[in-house]
Amino acid sequence: MVNFNAIEQKWQNRWEEEKAFEVKETKKKKFYALEMFPYPSGTGLHIGHAFNFTITDIISRFKRLNGFNVLYPVGYDSFGLPAENAAIKAKKHPKEYTEAAIKNFIKQQKKLGFSYDWSRLVSTSSPDYYKWDQWIFLEMYKKGLAYKKNAPVNWCSKCNTVLANEQVHDGKCWRHETTDVEVKNLNQWFLKTTAYADELYEGIKDLKGWPEDIKKLQKNWIGKSNGTEINFEIETPPHKEGTIGPTTTLYNVFTTRPDTLYGVTFLVISAQHPKLMELVTSEQENKVKKFTKKLNSVSAEDIDKLEKEGVFTGSYAIHPLTNKKIPVYAGNFVLASYGSGMVMAVPAHDQRDYEFAKKYNIPIKVVISPENKTLNEEDMTKAYQERGILVNSEQFNKLHSEKAKEKITKYLEKQKKGKKTVNFRLKDWLISRQRFWGTPIPIIHCEKCGEVPDENLPVTLPENIILKAGKNPLETCDDFVNVKCPKCNGNAKRETDTMDTFTNSSWYYLRYADSTNEKQIFDKKKIKYWCPVDFYIGGREHACMHLIYIRFYTKFLRDLKLLNFDEPSINQFNQGMVHAEDGRKMSKSYGNAIDPLTVIKGSSADALRLFLVSVANPDKDFSWNTRGLESNHRFISKIYDQFNDLKIGESSKKTEHRINNAIKKVTKYIEEIKYNLAIIEIKNLFNTLENEISKKDYESAIKLLSPFCPHIAEEIWEKMGNKELLSTNVWPKYEENKINIELDAEDELIFNTIKDIQNISKFIKSKPKKVIISVSEEWKYKTIKRIKKEMETDFEISRIMKKVMDKDHAKEISKLVPQFIKNPKKLPEILLSQEIELKVLQKNISEFKDKFDLEIEIKSNDPKAMPGKPAILFE
RNA sequence: GCAGGUGUGCCGGAGUGGUCAAACGGGAUGGACUCAAAAUCCAUUAGCUUAGUGCUUACGCAGGUUCGAGUCCUGUCACCUGCACCA
C-alpha cells in the first residue's frame, strides 16, 4: 500500500523549505490570484473553503507553470461577532480565541497543499493591519466621506444592547425568547458610498471578466433611476407646544413617473421618517403613534413582508399643478432611506398605490390611457402600469407617457416646483458596530472641540479585559474611553463604536502586495506591479455587499492617488455551494458536515482536490458524495501503479496524438475554469495510455495532472529522475501537427466494428471463418440526402453547417455532391467523419485480421448492403 | 415583497440551434478473473423491437419561433440564494 499522506507531507515540506511559492516583483509578467479570505471560525476549515481554495490553487499552479510570476497570498478576516461570542462563553479574550483558530486554519490549509506565499500572511485583527483601516477612515473623514447620523438598530431592552440581525430570531432576542426586539435610533457612523454611486453603477458595464449574474445583481442593488423630484407644499399643523398657526413646508418626492402627476390623489410618508411627527395633527396623533409602535416591534428586515398599511396623518399637501388638497398618509411600505422617504401615490397606475387606495377609500384618477381604449375608474380591478396616452392632465393631454415625462418635468422646473434628478437605491454604508471585536473608530469626542480625529494610530483594542454578554465592553473600559483631547488636552471620550468587518475586507487585496510595510499602507510601486487582481474567486453571496465595498474603496484610494486603476479585479469567479450527501446545506446543526482533514486521512489530499472540482463545473452547486471521492482516490492510486509498470521509450503516433490533443484541450479548459471537463480529458488520457511512451510525453501527462494533484505529480516527477520541483517547471506545449483526429476516428471505428462482430458472433453462436463488410452508397450519402431534403424546403445552408471541416475533405465530398462546390468550407462534420470511416476501414483490414484470426473482405458500393451502416456478413 | 439563479435518464452532472437516447462519474444488473472476496476488466442500464446507425416516447409543465429545440422566446409551477449589524 502506498502511503499517500506521507508523500503529501514530504512535498508540503519541500515546498515550504524551498519557499517555492514566495514571490517578488520581477520583470516577468505577473498573475494575481486571490480567493476571498476566510473568517477563521473555531470549527476550522469546511468543505466550502476547501472548494474555494482548490479552485484558486489550480489556476495559480497553472499560471505559474505558464511562466507567470504568480502572487497567491493567504490571510484571515479575523474580526467579527462569532469570536466575540465564543470569547464571552469561554471567558477569554477574543484575540486568544482568534489566534488559536488561525493556527488551526493554517495547519489545515497546509495539509491541502495550496501554493500560498505564506510570507505575506495578513490578519485583519492585528494592529499592524487595522491601523491602516483607521488611516483610511480618517482620510475619508477629512474628505467628508465618513459622517455621523441617526439610524435604526435592533435593540434588546433586557440585554441593554444592540443586536445584530443574526441575533434576532422571529422578532425576539436570541437570548431572551420572550423579549421583543425594538427598533431604536442611534447616532452612528456612515461611509458615503453614494458619493461613488454613479461611478459604481456605470463602471459595471466595463467589468468584462465578471459573471453576468453578479453584474445584474450589482446593477439592481445600486439601482440607478432617472426621474423627477417634485416639490409638494404641505400645510403643517400647529405644533403641540407651539403657538404658531398652520404653516406650509416644502417636501420633495422622487418619482420615475412624472407623467402620472395629475393622477396623484395622496402622498405617503415613510412610517420611519424622522420628520413624520411634524405632519401629524393632534387628532391623529394617537393613531399614528400606535401604528409606528406596531412597526417598531418588528425587525427592520421583516417590515416589507407586512401587508401594505397606513394611517392618515391629518395633514394635506397642495398638488403643485392643480393646487388641489390631497391627504398625506404614513405608510409601512415606503422606505425612509430611499429618495426623500416620501412618495406621491397614483392609485390608477401603480399597483401598491391602488391596493392602498382601495383599502382606505381614497379616490382613483386615471391619467394614462392605453392606445385605443378608454380606462374607467369603476371598471378597474388593478392598476394600469404600462405607458400610454395622457388624459385628464390639462395641457399635457394626448401626449405619450415618455414625451409627457419630459414636458412635465420641464414645466415644473420653469415653475421652480421640481427638477430632473437621478436617484440610487444604494444607501450610505452604516459601519458603526456596538461591539468589541472590530477596528476601533479613531475619533475622540471632546466637550470643547467636538469630534477630533485621533491621528495617533493605531488605536488599539484593550487586551486585559474579560468580555461579558450585554453592553459593548468598550463602553465600560475606562482606560480605553477616557482620554485627553489631542487638540486642547482637556478631558475627552473615545468613540466606542467599532467598524463593520467589511471595512477590513475592502482593501486587503492591496495589503498583500506589501503586507509588512510599517511606514505606509503600501508601496505604490509594488501595487503598480501586482494589482489589480487577475482572478478573484469566492462565493456568490458577496455580490452586493463585499464586492461593492471593495470597488468603493478602490475608487476612493485611486482618488487619493494611491492606485492607478479603477476596479479591484479583472476577472471574477463565483463558486457554487457545497451541499451534504443528504442534499441539505452542510452544517454542524444537521450533523452532515464533512471535515476536509478527516477526508484526507482516509484517502489523500490529491483525491479530495480532484473530487471537489471533477463532479461539476466549479460555478455550480454540488453535493458531497463519498463514493465519488473514493473513485478519485482509486484513480490516483492507479496512476501511481501504472507508472511503475510503464516502459519509457518511444511514443507511438497514437500516443503522440493523444498527449498533444490532451494538452490542447486541458489547457483550454483550465483557462475557462471548466476543471471538470479538463479532468475528464486527463482521466481519459491516463486510462488509454499504451505501455510504452517517451519520457517527454509522459512528463507532459504528469504536468497536466499537477495543478489538480500536485503531490502525486511531484512524486512521479521525482521518480523519473527530475531534481527540480515540478511546481515551478513549465507547462507543456502541444504540437498541432501531431494531433490527428483520424486516429480517433480509427479507434472508434475499430471499436465499433469489433463490437459488431462480437455481437453477431453471439447471435449466430459460432465463430465464423470469414467476415464480409459491405458498404452501401446510401450509407455514405445518408446525411447528404437529409441535407438535400432540407434544402428543398428553402433551407439556409450556412445556418446548419456551423461545424466546418478542413479543405481537403471538403473537396473530396464536393466532387460527389456538386451543390456543395459553392460553399465547400461549410460542410458539416458528420460527412467528414463518415468519409474518414470508409478510408480507415480499408486501411485497417490487416488489424482486424490480427485481432480475429479471420479473413475479412470489404465490398464497397454494395447495392445489397443495408443503408445506414456497413453490413457485416459471415461465412 | 424585491432581486438573482436553477430544473436533463436510478443518482451526481456535461450540454448553449443539427454527429443527442444525451459526454464523464456513481449506483444497479450480468459476465471475465479468483477457492472466495476486494480490486481490475467487459457488457447492459427509457419503452418497443421483425435485431436494422429501426420505431416511439423523452431534458419541470403548457404554448410559441424554426426545415430542425435539451439549447431561443412567452407563460406557468417547483426549488435554491441574497436583501444592507453573520462573514
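Quick note: the coordinates plus some simple rules give every number you see, no bench work behind them. As the structure is a prediction and not an experimental result, all values here were calculated from the model. Methodologically, a virtual Cβ is constructed for each residue, glycine included, from the backbone with ideal geometry; neighbour enumeration extends over all protein chains shown.
What is the extension gain from residue A:616 to residue A:528, computed as 0.36 nm multiplied by their sequence separation minus the C-alpha to C-alpha distance, in nm to one decimal?
28.1 nm
So how do A:288, A:367, A:391 line up by other beta-carbon neighbours within 10 Å, fewest first?
Ascending number of Cβ neighbours within 10 Å: A:391, A:288, A:367.
Can you put A:424, A:37 in order of Cβ neighbours within 10 angstrom, beginning with the fewest?
Exposure proxy ranking, most exposed first: A:424, A:37.
Compare the peptides A:224-236, A:330-342 by average per-residue count of other Cβ atoms within 10 angstrom and give them in order, highest first.
Going from most to least packed, we get A:330-342, A:224-236.
Run the quick spin-label model on residue A:478 and residue A:730: label points 7 Å from Cα toward the beta carbon, then report their separation in nm to one decimal.
Distance between label points: 7.1 nm.
Apply the Karplus curve 6.51 cos²θ - 1.76 cosθ + 1.60, θ = phi - 60°, to the phi angles in segment A:438-451 and return the couplings in whole Hz, x for Gly and Pro.
Values per residue, Gly and Pro as x: x, 6, x, 7, x, 10, 10, 9, 10, 4, 7, 8, x, 6 Hz.
Sort out for me the Cα centre separation of segment A:390-427 from segment A:484-512, rounded to whole Å.
Their Cα centres are 45 Å away from one another.
For residue A:361 paired with residue A:640, estimate the spin-label separation in nm (one decimal), with each label point 7 Å from Cα along the Cα-to-Cβ line.
With each label point 7 Å from Cα toward Cβ, the separation is 8.3 nm.
5 Å is the cut-off here: which amide hydrogens, built 1.01 Å from N in the peptide plane, fall below it relative to residue A:421, excluding neighbours closer than 5 in sequence?
A:227, A:228, A:229
Kindly put A:439, A:421, A:598 in sequence by how many other C-beta atoms sit within 10 Å of each C-beta, fewest to most.
With the fewest neighbours first, A:439, A:421, A:598 line up as A:598, A:421, A:439.
Can you figure out the FRET efficiency of residue A:671 with residue A:179, using R₀ = 45 Å and their beta-carbon distance, to the nearest 0.05?
The value I calculate is 0.25.
Using a 7 Å offset from Cα along Cα-Cβ at residue A:9, what residues in segment A:104-125 end up with backbone N under 13 Å from the label point?
A:111
Taking θ = phi - 60°, what integer Hz values does the Karplus form 6.51 cos²θ - 1.76 cosθ + 1.60 yield along segment A:605-611, in sequence order, with x for Gly and Pro?
4, 4, 5, 4, 4, 4, 4
List, in the order given, every pair from A:528/A:664; A:63/A:683; A:30/A:192 whose Cα-Cα distance in the structure shown is over 28 Å.
The pairs that break the limit, which is 28 Å between Cα atoms, are A:528/A:664; A:30/A:192.
Residue separation times 0.36 nm, minus the C-alpha to C-alpha distance between residue A:407 and residue A:561: what's the value?
51.2 nm
To the nearest 0.05, how large is the calculated FRET efficiency for residue A:275 and residue A:427 if R₀ is 22 Å and r is the Cβ-Cβ distance?
The formula returns an efficiency of 0.75 here.
So who's got an amide H within less than 5 Å of the one on residue A:31, skipping anything under 5 residues away but keeping other chains? H placed 1.01 Å off N, in plane.
A:69, A:70, A:71
So how far apart, in nm, are the two label points at residue A:325 and residue A:469 if each is 7 Å from Cα heading toward Cβ?
5.5 nm
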